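The values are calculated or read from the model by the stated rules, or taken from the named source; none is laboratory data. Small disclaimer: the values here were computed from a predicted structure and weren't measured. Methodologically, a virtual Cβ is constructed for each residue, glycine included, from the backbone with ideal geometry; neighbour enumeration extends over all protein chains shown. Ligands, DNA and RNA are excluded from the accessible area calculation, which covers all protein heavy atoms including side chains. Shrake-Rupley method; radii C 1.70, N 1.55, O 1.52, S 1.80 Å.
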Amino acid sequence: QVQLVESGGGLVQAGDSLRLSCAASGRTFSSYGMGWFRQAPGKEREFVAFINWSGSANMYADSVKGRFAISRDYAKNTVYLQMNSLKPEDTAVYFCAATRKVISVRENDYDFWGQGTQVTVSS
């Protein structure tokens, strides 16, 4: 079992940076791949980034590649999403999620989800 709590969202201006954190509880954290998804008002939830259990494989959506970076800290049971050069189109609720799949960008493959944290980017 994994419990996830996101934090770090806020209101920023275009071009600014934010670092989102996802604090995980449970002794099986290291057995899960971790992903970030986001959902804007009136839009479908979309994949943002993925990191596997060992940290050896990362994956990013084309819309954020080169601007966002995902990482995890096993000692702190935390996964991060560093977001640079933020754009108004990045505005969304960001969700952290855990999957038992080796690698996945499909939300249906994720077993546990956090409550989400709001990121708003003004122009």
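The figures follow:
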| item | result |
| --- | --- |
| Contact order relative to length of segment 1-120, as percent, for alpha carbon pairs under 8 angstrom and 6 or more apart | 35 percent |
| Inter-site label distance for LEU11 and GLN39 at 7 Å from Cα along Cβ, in nm | 2.4 nm |
| Cα-based reach from LYS43 at 18 Å (exclusive), listing lysines while leaving out same-chain residues under 8 positions away | LYS87 |
| Average accessible area per residue (Å²) across the chain - probe 1.4 Å, nucleic acids and ligands excluded | 52 Å² |
| Of ASN108, ASN58, ASN84, the one that fluctuates the most in a GNM where the chain has Cα springs shorter than 10 Å | ASN108 |
| Calculated P(r) tail over 15 Å for segment 1-101, as whole % of Cα pairs | 59 percent |
| Protein accessible area in segment 24-123, 1.4 Å probe - carbon and sulfur % | 48 percent |
| 17 Å Cα-Cα reach of LYS65 towards aspartates and glutamates, excluding residues that sit fewer than 8 places from it in its own chain | ASP16, GLU46, GLU89, ASP90 |
| Two-site FRET efficiency, SER85 against SER31, from Cβ-Cβ distance with R₀ of 41 Å, rounded to 0.05 | 0.80 |
